[in-house]
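The values are calculated or read from the model by the stated rules, or taken from the named source; none is laboratory data. These numbers come from a predicted model, not from an experiment. Glycine also receives a Cβ, built like all others from the backbone with ideal geometry; neighbour counts cover every protein chain displayed. Quick note on the areas: whole protein, heavy atoms, side chains included, nothing else; ligands and nucleic acids left out. Shrake-Rupley method; radii C 1.70, N 1.55, O 1.52, S 1.80 Å.
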Amino acid sequence: MLNHLLPILSKIVQEISQNGYAIIDDFIGADLVKSLAQHAQSLKQIGAMKKATTGLKRDQHQEFRGDFIHWIEAADASPEEQSYLALMDELKD
C-alpha cells in the first residue's frame, strides 16, 4: 500500500465504525472523474452501455431503474478504467 492512502484509510475506518459507511470527498481526482464521465458518454453513444434492471435474468424489471451500466473487465479496460481499477487496487491492498 502506498503511504499517501494511510490518512484516507484511517478516515474510512473511523467513518465506517461511526456511521456504517464512509464518504470521502475528492477520493477520485477531478481529472479522472472527468475522463471516466467522457468515456461513459462515448460508451453510451456506441451502445456499449446496457439498460440497468433489477431481478434475476428471467424476471428483469427495467421500470424501476432509469440508469445504464457497463461492467469493467480488467483485461479489456480503457486507460481511464485502468486508472480507476489501479486506485481501487491500492485501496484494497
Failed condition for F68, given (1) open to solvent by less than 50 Å² (accessible area, probe 1.4 Å); (2) at pLDDT below 90, with all others met? (1)
I'm checking my understanding of the structure. Among residues of the stretch 1-55 that are open to solvent by less than 60 Å² (accessible area, probe 1.4 Å), farther than 18 Å from E80 by Cα and not in a loop (DSSP other than H, G, I, E, B), which one is modelled with the highest pLDDT? E15
Checking the structure you have, find out if any residue of the stretch 16-36 is in contact (Cβ under 8 Å) with a residue 24 or more places away in the chain and charged (D, E, K, R). no
May I ask you to list the residues in the stretch 73-93 that are open to solvent by 60 Å² or more (accessible area, probe 1.4 Å) and either over 23 Å from L6 (Cα atoms) or assigned to a loop (DSSP other than H, G, I, E, B) (or both)? E73, A74, A75, D76, P79, D93
